[in-house]
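Enquirer: Here's a structure for you.
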Ligand SMILES: Nc1nc2c(ncn2[C@@H]2O[C@H](COP(=O)(O)OP(=O)(O)O)[C@@H](O)[C@H]2O)c(=O)[nH]1
Ligand SMILES: [Mg+2]
């Protein structure tokens, strides 16, 4: 089985791109499965099911969604292997723009859209910087110049990535992307022993553990204060 | 440059040597408060685990990307003189697997090719094949050559090198900038150093295309539909990196379409145009007929068609005159109908 992790800001077009890409892969007779990681709510599973793609969803609820991802991706991979998928795609929203639960040696795709603003590539951390492939969507509604400026911004923060334009509505570019996602010589049986490309923040304060009261005396663990004087 | 050599240099020295690194360093927030005259090795030594975590900083990844960026930008700048003098498509098959109806299809700079065929017949696939510089590895099995040679794979994968620029009816400006600021930003992303002259040329070309003129200080989002289209075309002609321009349905763009094509071909673009408007279709040197997912035939615009075009143009001028008259509040009379 091949495993690909796809992340990107909410509404950047991840689901749309995955569905269009899966169409091309299915035409080649490949069996695709999906897993959706989100925070509180998702209806992406309905979209995958409707497209005939077996799907599992995981909601992190009160936990950090990226920590939740890492704690579960191994089990999900085992599910994919058991289901004999040729390709398992994991979709997760980069919620705080900080993390990237990308795994070493597992293809990582970041989906980002042209409407998100010219400085966005710089604001997104490892999720964009560490991706192997950056897919830029919604090029159909902005000008050529804006597409070029945006792509140059992406290139400046991740010069080593393959940068592609895919239209999530029409599927333009999705066939091309599909050829990069599936490699018949790759076989992932388990993720055990693999490592994250980048460590996650050690966020462990009282609020991580369910504290709700506000005030100095309730703040414990890894707490940091805003510097109002030199701000 | 090797990793060790780079480590001994300061950001400041590196920028002096490679001015294009400004955009790369701009994106590195971990550097923001550090002294840019110290060597990278020295800066790295200042970074503790907490700082690295806060800034999502990873030294190995950083150096790797820095080297990638320098190598690719040097190649890009060195390659800026590379010119696409000919783009060739070698036939594949249509949806039924039958061979396409041509031997070899060439596109040269300054030429216009129109693409006709029902919606869903394969126009998008053709465009995608060009954009992806297909090598027999797309559903149509077409193959592309650039300057009669197998193309460099950078055309596929590099963020800075795209074969096709696209203009279509649905596109809008979304940035909150004035025309001038916007063009400066575009020029900067293309590493054009002295852009003032170019920017002025773009604005005056755009003003020639649109009926009503706009100033460099107009916000791009405040431009009318016609003005936006005009600016997009002039910008694509003069500032876009891509040698091929695909125009999709600009029938009702409210601009001087003939002049728009002249601006594009004047800048050595290879123009492809999906259209069913006879006036536009006949302005092309050749047209591609698409059926059932494949190129069914390629037709050179004949002398007879060119004569027809002259008729159509006269009618078009008449039409536009009436529009202008209507806009200014005139009552149309019989003489408006004369050529
Ligand atoms: N115009 C346009 N809309 C798109 C494109 N890609 C996605 N969308 C739309 O953007 C919205 C969010 O897409 P979705 O795939 O749900 O985003 P996700 O949250 O990243 O999975 C949907 O309404 C899509 O139809 C695109 O390339 N062009
Ligand atoms: Mg989604």
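The values are calculated or read from the model by the stated rules, or taken from the named source; none is laboratory data. What you see is a predicted model; the values in this text were computed from it and never measured. Note that we place each Cβ from the backbone using ideal geometry, even for glycine, and neighbour counts take in every protein chain shown.
Enquirer: Looking at A:168, A:160, A:139, can you tell me which residue is modelled with pLDDT of 85 or more, in a loop (DSSP other than H, G, I, E, B), surrounded by 12 or more Cβ atoms within 10 Å (Cβ to Cβ) and facing chain B (nearest Cβ under 7 Å)?
Expert: A:160
Listed here are the residues, each with its yes/no results for (1) under 19 Å from residue A:136 (Cα atoms); (2) modelled with pLDDT under 95.
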{"site": "A:75", "(1), (2)": "no, yes"}
{"site": "A:86", "(1), (2)": "no, no"}
{"site": "A:89", "(1), (2)": "yes, no"}
{"site": "A:93", "(1), (2)": "yes, yes"}
{"site": "A:97", "(1), (2)": "yes, yes"}
{"site": "A:105", "(1), (2)": "no, yes"}
{"site": "A:109", "(1), (2)": "yes, no"}
{"site": "A:113", "(1), (2)": "yes, no"}
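Enquirer: Continuing with the same structure: Which residue, of A:7, A:62, is within 13 Å of ligand 2 (Cβ to nearest atom), at pLDDT below 95 and either away from chain B (no Cβ under 14 Å) or crowded, with 22+ Cβ neighbours inside 10 Å (or both)?
Expert: Details: A:62 fails: within 13 Å of ligand 2 (Cβ to nearest atom).
That would be A:7, the only listed residue that is within 13 Å of ligand 2 (Cβ to nearest atom), at pLDDT below 95 and either away from chain B (no Cβ under 14 Å) or crowded, with 22+ Cβ neighbours inside 10 Å (or both).
Enquirer: Determine whether segment A:120-131 contains at least one residue that is more than 13 Å from ligand 1 (Cβ to nearest atom), modelled with pLDDT of 90 or more, away from chain B (no Cβ under 11 Å) and within 30 Å of residue A:54 (Cα to Cα).
Expert: Yes - at least one qualifying residue is present in segment A:120-131.
Enquirer: Between A:92, A:24, which is within 16 Å of ligand 1 (Cβ to nearest atom) and not in a helix (DSSP H, G or I)?
Expert: None of the other options fit; the residue is A:92.
Enquirer: Same structure again: Just give me the residues in segment B:161-193 being under 13 Å from the mean Cα position of the chain (by Cα) and away from every other protein chain (no Cβ under 11 Å), in sequence order.
Expert: B:163 - this is the single residue of segment B:161-193 that is under 13 Å from the mean Cα position of the chain (by Cα) and away from every other protein chain (no Cβ under 11 Å).
Enquirer: Do we find that residue B:158 is assigned by TED's automatic domain parsing to the domain that holds residue B:242, within 17 Å of the chain's Cα centre (by Cα) and under 28 Å from residue A:158 (Cα atoms) in this structure?
Expert: Against the criterion (assigned by TED's automatic domain parsing to the domain that holds residue B:242, within 17 Å of the chain's Cα centre (by Cα) and under 28 Å from residue A:158 (Cα atoms)), residue B:158 qualifies.
Enquirer: Which is in the same structural domain as residue A:165 (by TED's automatic domain parsing), farther than 23 Å from residue A:86 by Cα and more than 14 Å from the chain's Cα centre (by Cα), of A:62, A:24?
Expert: A:62
Enquirer: Taking the conditions exactly as written (surrounded by fewer than 23 Cβ atoms within 10 Å (Cβ to Cβ) and over 19 Å from the mean Cα position of the chain (by Cα)), does residue A:122 satisfy them or not?
Expert: Taking the combined requirement at face value, the residue does not satisfy it.
Enquirer: From the list A:17, A:81, which residue is modelled with pLDDT of 95 or more and over 22 Å from residue A:193 (Cα atoms)? Can you show your working first?
Expert: Working: A:81 fails: over 22 Å from residue A:193 (Cα atoms).
Exactly one of A:17, A:81 is modelled with pLDDT of 95 or more and over 22 Å from residue A:193 (Cα atoms), namely A:17.
Enquirer: Give me the residue from segment B:133-159 that is surrounded by fewer than 21 Cβ atoms within 10 Å (Cβ to Cβ), facing chain A (nearest Cβ under 9 Å) and under 26 Å from residue A:146 (Cβ atoms) and, out of that set, modelled with the lowest pLDDT.
Expert: B:158
Enquirer: Of the residues that make up segment B:225-246, is at least one more than 11 Å from chain A (Cβ to nearest Cβ) and surrounded by fewer than 17 Cβ atoms within 10 Å (Cβ to Cβ)?
Expert: Yes: segment B:225-246 contains one or more residues that are more than 11 Å from chain A (Cβ to nearest Cβ) and surrounded by fewer than 17 Cβ atoms within 10 Å (Cβ to Cβ).
Enquirer: In segment A:34-48, what residues are within 23 Å of residue A:78 (Cβ to Cβ), more than 9 Å from ligand 2 (Cβ to nearest atom) and free of Cβ contacts under 8 Å to residues at least 40 places away in the same chain?
Expert: Matches in segment A:34-48: A:45, A:48.
Enquirer: Could you please give the count of residues in segment A:30-45 that are surrounded by fewer than 20 Cβ atoms within 10 Å (Cβ to Cβ) and at pLDDT 95 or above?
Expert: So the answer is 2.
Enquirer: Only one of (1) crowded, with 20+ Cβ neighbours inside 10 Å; (2) within 14 Å of ligand 2 (Cβ to nearest atom); (3) within 14 Å of residue A:89 (Cα to Cα) is not met by residue A:12, so which one is it?
Expert: Tallying (1) crowded, with 20+ Cβ neighbours inside 10 Å; (2) within 14 Å of ligand 2 (Cβ to nearest atom); (3) within 14 Å of residue A:89 (Cα to Cα), residue A:12 fails exactly one: (3).
Enquirer: Among the residues of segment A:8-21, write down those that are more than 9 Å from ligand 1 (Cβ to nearest atom) and either under 12 Å from the mean Cα position of the chain (by Cα) or assigned to a strand (DSSP E or B) (or both).
Expert: Selection gives nothing.
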